[in-house]
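This report concerns only the one structure given below.
The values are calculated or read from the model by the stated rules, or taken from the named source; none is laboratory data. Keep in mind it's a predicted model, so treat the numbers as computed, not measured. Accessible surface areas use protein heavy atoms only, side chains included; no ligands, DNA or RNA. Shrake-Rupley method; radii C 1.70, N 1.55, O 1.52, S 1.80 Å.
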Amino acid sequence: MSKNNDETTDVNANSTIPSLAADWRQLVQRLLKAEMSKRGTKYQDLSDRLSNIGIHQSADNLRNKINKGIMGADLLLQIMYVLNMRKIERDDIIEIFADLDSPLD
């Protein structure tokens, strides 16, 4: 199995699981933007909420990370916490990948 920063090659060539990291980054972006939209949360609000739990990220920094879909797992969990996200449903992940023309099934 070979790996690089943008893509992983599955041993099973018939696998339909998206291998491009960009697909997974778009998933993170869409999930977080949808959750922010549901709650009417702006980037400055998110920054303020994170500051309340001791995490200091500027609104611009958060915007960049969310728009790129690139952040550490710790920040993702902290954002989920301050947005009061209950869970990420597997079906939501499948639906987003279908919208991206990268079906998981």
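A few notes on this one:
- Per residue, in Å², the accessible surface of segment 25-98 once ligands and nucleic acids are set aside, probe 1.4 Å: 62
- Solvent-accessible area, 1.4 Å probe, carbon plus sulfur percent, for segment 18-105: 47
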